[in-house]
Amino acid sequence: MNMKIGVIKGDGIGPEIVDEAVKVLDRIAEAYGHSFSYTQLLMGGASIDANGVPLTEETLEQARASDAVLMGSIGGDARTSPWYRLEPEKRPEAGLLGLRKGLNLFANLRPAVLYRELKEACPLKAEIAEKGFDMMIMRELTGGLYFGNRSTVEVDGETVAKDELVYSGTEIRRIAKRGFDIAMKRRKKVTSVDKANVLDSSRLWRKVVEEVAEDYPEVTLEHMLVDNCAMQLVKDPAQFDVILTENMFGDILSDEASMVTGSIGMLASASLNETKFGLYEPSGGSAPDIAGKGIANPIATILSAAMMLRYSFDLDKEAQAVEDAVSAVLRDGYRTADIMSAGMRQIGTKEMGDRICGYIR
Ligand code: NAD
């Protein structure tokens, strides 16, 4: 398979962690007979330095012309970086929002996996951590409360603020289809999370999700209220496979789920549109505090590249090979500083990439 991958190395630790993910993709290409070509794209702070803006129309076009985009992370230290003396729409993060919008990325996927080898990092009780968990949070990214009309007005001498929560059937249907497609590649269970006992938008959500479920008879669908889901994530996270939910609920639940895994350097993510195209990036930021030291954990970016193989290229076997290699490296006791624990061997960013490549056969 020949694939064109746009690469945004970004700022801070971005270039260091992306280099290791590209190394792993090259190893996969070699082992499985594929060809990946890379186009370097500038976005965020690096683009401000080169072009005066965080995202150019040319970069957006090049991203659109790629089969998928692999990204590190963007941004700097807001207290010291000159990028944060610019107006908000010229800062690094505006580039990322522009990219998501320009590519119509409406589905955000955040896996939360507890590796048995890292269970000491899990803040949950030992008997819960012991079981491990592996879930995918599928969050609608371009609708709902964050994109509705909002206003703050004075009414009879009182300040009143209003935010609108709007979802159309079309918006719900397209994310639900994506959620069921992902479940078909996993353990075939979807937990749709809403607040249907109170909200009209949630009642429509539930109705449309049930209609979509009819096309996926192999997938088990359950509904869960968002408050219950927040509790279940800490009580029994192993019950979840795919959690499908709207924008704000997903924002909160995906952060909760990532906290219970214990390490930001391990968390991948993907944002998808209606085609096979996706933007793949670690969940963490550009970590300016450790940039250039060669100690950042590249695993989240490497696992994001594995998601690219699975969800944009349908290379499930190759994605599994990357995930198995990550597990093997952890099993054999290798750790970057952020996930280090007693008795393990601490290694740097490059050695972690090399060791993961070494386990790919
Ligand atoms: P951060 O995620 O960059 O860092 C938080 C902590 O986690 C730091 O101590 C950092 O060293 C550590 N960390 C993060 N990733 C790591 C890794 N791979 N290996 C080891 N340790 C890691 O969050 P922050 O400090 O709040 O933000 C820094 C910059 O990143 C800001 O400019 C912010 O806007 C930006 N940011 C970008 C994205 C993105 O590109 N999608 C996401 C979040 C934050």
- line: Inside region 100-137, the number of residues satisfying the requirement of being acidic (Asp, Glu) and assigned to a strand (DSSP E or B) is 1
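Consider Thr336 carefully, then state whether it is of a type in the set (Ser, Thr, Tyr), more than 17 Å from the chain's Cα centre (by Cα) and at pLDDT 95 or above.
Details: of a type in the set (Ser, Thr, Tyr): yes; more than 17 Å from the chain's Cα centre (by Cα): yes; at pLDDT 95 or above: yes.
Yes.
Identify all residues within region 77-113 that are without any contact (Cβ under 8 Å) to a residue 12 or more places away in the chain, among the hydroxyl-bearing types (Ser, Thr, Tyr) and near the ligand (Cβ under 10 Å from one of its atoms); write none if there are none.
Tyr84
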- prompt: Considering only residues of region 257-285 that are modelled with pLDDT of 95 or more and either in a loop (DSSP other than H, G, I, E, B) or charged (D, E, K, R) (or both), which is farthest from the ligand (Cβ to nearest atom)?
  reply: Phe277
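Would you mind stating whether Ile17 is crowded, with 16+ Cβ neighbours inside 10 Å and either farther than 27 Å from Asp338 by Cβ or within 15 Å of the ligand (Cβ to nearest atom) (or both)? Spell out how you get there, then give the answer.
On the way: crowded, with 16+ Cβ neighbours inside 10 Å: yes; either farther than 27 Å from Asp338 by Cβ or within 15 Å of the ligand (Cβ to nearest atom) (or both): yes.
Considered against the rule, which asks whether it is crowded, with 16+ Cβ neighbours inside 10 Å and either farther than 27 Å from Asp338 by Cβ or within 15 Å of the ligand (Cβ to nearest atom) (or both), Ile17 comes out as yes.
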message: Pairs needed: first member in region 250-264, touching a residue at least 24 places away in the same chain (Cβ under 8 Å); second member anywhere, crowded, with 18+ Cβ neighbours inside 10 Å and among the basic types (Lys, Arg); C-beta distance under 9 Å; at least 6 residues apart or different chains.
response: Gly250/Arg110; Gly250/Arg139; Asp251/Arg139; Leu253/Arg139; Ser254/Arg110; Ser254/Arg139; Ala257/Arg110; Ser258/Arg110
message: Being modelled with pLDDT of 90 or more and either of a type in the set (D, E, K, R) or under 19 Å from the mean Cα position of the chain (by Cα) (or both) is the filter here; which residues of region 112-129 pass it?
response: Ala112, Val113, Leu114, Lys125, Glu127
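Looking at region 153-168, can you tell me whether even one residue there is crowded, with 16+ Cβ neighbours inside 10 Å and either in contact with a helix residue (DSSP H, G or I) (Cβ under 8 Å, 6 or more places away or on another chain) or in a helix (DSSP H, G or I) (or both)? Step through it out loud before you land on a result.
Of the residues in region 153-168, the ones crowded, with 16+ Cβ neighbours inside 10 Å are 165, 167.
Those still in the list that are either in contact with a helix residue (DSSP H, G or I) (Cβ under 8 Å, 6 or more places away or on another chain) or in a helix (DSSP H, G or I) (or both) too: 165, 167.
Within region 153-168 (the criterion being crowded, with 16+ Cβ neighbours inside 10 Å and either in contact with a helix residue (DSSP H, G or I) (Cβ under 8 Å, 6 or more places away or on another chain) or in a helix (DSSP H, G or I) (or both)), the answer is yes, since at least one residue qualifies.
Residue under question is Met71, and the condition is that it be closer than 20 Å to Tyr311 by Cβ, within 16 Å of the ligand (Cβ to nearest atom), at pLDDT 95 or above and surrounded by 17 or more Cβ atoms within 10 Å (Cβ to Cβ); does it hold? So that I can check it myself, show each step before the final result.
On the way: closer than 20 Å to Tyr311 by Cβ: yes; within 16 Å of the ligand (Cβ to nearest atom): yes; at pLDDT 95 or above: yes; surrounded by 17 or more Cβ atoms within 10 Å (Cβ to Cβ): yes.
So Met71 passes the test.
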- line: Only unsatisfied item for Ala63, checking (1) within 12 Å of the ligand (Cβ to nearest atom); (2) surrounded by 22 or more Cβ atoms within 10 Å (Cβ to Cβ), is (1)
field: Residue in region 72-83 that is under 26 Å from Leu25 (Cβ atoms) and of a type in the set (D, E, K, R) present
entry: no
- prompt: For residues in region 23-82 being within 23 Å of Ala321 (Cβ to Cβ) and among the small types (Gly, Ala, Ser), which is nearest to the chain's Cα centre (by Cα)?
  reply: Gly72
field: First in region 135-150 and of a type in the set (Phe, Trp, Tyr), second anywhere and crowded, with 18+ Cβ neighbours inside 10 Å, Cβ under 7 Å, 6 or more apart
entry: Tyr146/Asn247
query: Given the structure, is Met308 more than 15 Å from Asp134 (Cβ to Cβ), away from the ligand (no atom under 16 Å from the Cβ) and at pLDDT 95 or above?
result: no
query: Considering only region 51-92, how many residues are under 29 Å from Leu303 (Cβ atoms), not charged (D, E, K, R) and not in a loop (DSSP other than H, G, I, E, B)?
result: 12
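Restricting region 1-14 to residues that are of a type in the set (A, V, I, L, M, F, W, C) and within 12 Å of the ligand (Cβ to nearest atom), which is farthest from the chain's Cα centre (by Cα)? Please lay out each step first, then the result.
Our first condition is that a residue be of a type in the set (A, V, I, L, M, F, W, C); within region 1-14, this holds for 1, 3, 5, 7-8, 13.
Add one more test, that the residue is within 12 Å of the ligand (Cβ to nearest atom), and what stays is 8, 13.
Numbers: Ile8: 15, Ile13: 17 Å.
The selected residue is Ile13.
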Of residues in region 334-352 being part of a loop (DSSP other than H, G, I, E, B), within 13 Å of Ala121 (Cα to Cα) and among the aliphatic types (A, V, I, L, M), the one farthest from the ligand (Cβ to nearest atom): Ala342
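Restricting to region 188-234, give me the number of residues that are of a type in the set (D, E, K, R), assigned to a helix (DSSP H, G or I) and within 20 Å of Arg178 (Cβ to Cβ). Please lay out each step first, then the result.
Taking region 188-234 as the starting set, the residues that turn out to be of a type in the set (D, E, K, R) are 188-189, 194-195, 200, 203, 206-207, 210-211, 214-215, 218, 222, 227.
Okay, now just the ones that are also assigned to a helix (DSSP H, G or I), so 200, 203, 206-207, 210-211, 227.
This time we only want the ones that are within 20 Å of Arg178 (Cβ to Cβ), so: 206-207, 210-211.
Adding up the residues that qualify gives 4.
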Single match in Pro288, Pro298 (criterion: within 12 Å of the ligand (Cβ to nearest atom) and crowded, with 24+ Cβ neighbours inside 10 Å): Pro298
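The values are calculated or read from the model by the stated rules, or taken from the named source; none is laboratory data. Source: prediction; values computed, not measured. With ideal geometry, Cβ positions are generated from the backbone for all residues, glycine too; neighbour counts draw on all protein chains shown.
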